[in-house]
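Computed from the coordinates by the stated procedures, all read-outs in this text should not be read as laboratory data. Small disclaimer: the values here were computed from a predicted structure and weren't measured. Here Cβ is always computed from backbone atoms with ideal geometry, including for glycine, and neighbour counts include all displayed protein chains.
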Amino acid sequence: MKAMFLAFAAMAVIAVGADFALDEMGFSAQERGTGGAVRLDDS
């Protein structure tokens, strides 16, 4: 049971870390899915 909770915690840390890293590198869905001619609301 302890190993399962450790695995869940590791998955959460990896997922949050990957989301943060990809956003910082410019791989967000908003930046990858639009061109220069598209205006997006920043709100």
Protection proxy ranking of 17-26, 2-11 - average other beta-carbon atoms within 10 Å, highest first: 17-26, 2-11
Residue-wise HN-Hα coupling along region 17-22, computed from phi with Karplus coefficients 6.51, -1.76, 1.60 (Hz; x: Gly, Pro): x, 5, 4, 5, 5, 5
